[in-house]
1. Write down the accessible area per residue of the chain in Å², having rolled a 1.4 Å probe over the full set of protein chains.
2. So what J values fall out for the stretch 11-24 if you push phi through Karplus, 6.51 cos²θ - 1.76 cosθ + 1.60 with θ = phi - 60°, rounded to Hz, Gly and Pro as x?
3. Taking all protein chains as present, what is the carbon and sulfur share of the accessible area of the stretch 26-109, in % to the nearest whole number, probe 1.4 Å?
4. How would you rank 82-91, 101-110, 26-35, 1-10, highest first, on the average number of other Cβ atoms within 10 Å across their residues?
5. Please compute the contact order of the chain in relative form: average sequence separation of alpha-carbon pairs under 8 Å and at least six residues apart, divided by the residue count, as a percent.
6. Add -39500 (n - 2.57) for each DSSP H run of 4 or more in the chain, then divide by its residues: what number comes out at 222 nm, to the nearest 500 deg cm²/dmol?
7. Once the Cα gyration tensor of the stretch 1-109 is diagonalised, what are the square roots of 5 times its eigenvalues, in whole Å and ordered largest first, as equivalent ellipsoid semi-axes?
8. If amide H atoms are built 1.01 Å from N in the plane of the peptide, which residues on other chains or at least 5 residues away come under 5 Å of the amide H of residue 45?
Amino acid sequence: TEEELFLLAGDAESASAGKVVEQGADVVLVTRGKDGADFYARCGNGHADRRTVEVVDTTGAGDNFLGGLLVSMLEQDGFNQFSLEAIRNAVAFGNTVSSHSITKWGAMTSVPSRAEVEALLSGTVRGEVL
């Protein structure tokens, strides 16, 4: 989260996340709630928008984001290589899981099915190679 980046690096600006990567982190993810998520890596950086949805309950949104991201990374390359494409795909998947989850009540009951997430994925990420 932005708050955790602030605790780690002294502020929540993009430059701070880049500094964390320069200090050795493979990937830094910064979730920004309704504003989606940013990602920073040695191979590049980018942003994934959160889908515009009617918010019912944000309980579990962060856990759903991270769970979706981890599933996607494991399926793509098992964390053996952090390519820009793999990171973009994983962040988009995580954001889609999270966005869908906040349209329902509860942390566990709001977790979308794989079919629901895949049906929603399309054009949600932009990013550039450094």
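The values are calculated or read from the model by the stated rules, or taken from the named source; none is laboratory data. As the structure is a prediction and not an experimental result, all values here were calculated from the model. For neighbour counting, all protein chains shown are included, and Cβ atoms are generated from backbone atoms with ideal geometry for every residue, glycine included. Note: areas computed on protein heavy atoms with side chains; ligands, DNA, RNA excluded. Shrake-Rupley method; radii C 1.70, N 1.55, O 1.52, S 1.80 Å.
1. 56
2. 7, 10, 7, 4, 4, 5, 5, x, 5, 5, 5, 4, 7, x
3. 53
4. 82-91, 26-35, 101-110, 1-10
5. The normalised contact order for the chain reaches 25 percent.
6. Rounded to the nearest 500, it is -14000 deg cm²/dmol.
7. 23, 17, 11
8. Those lying under 5 Å, H to H, from residue 45 are 128, 130.
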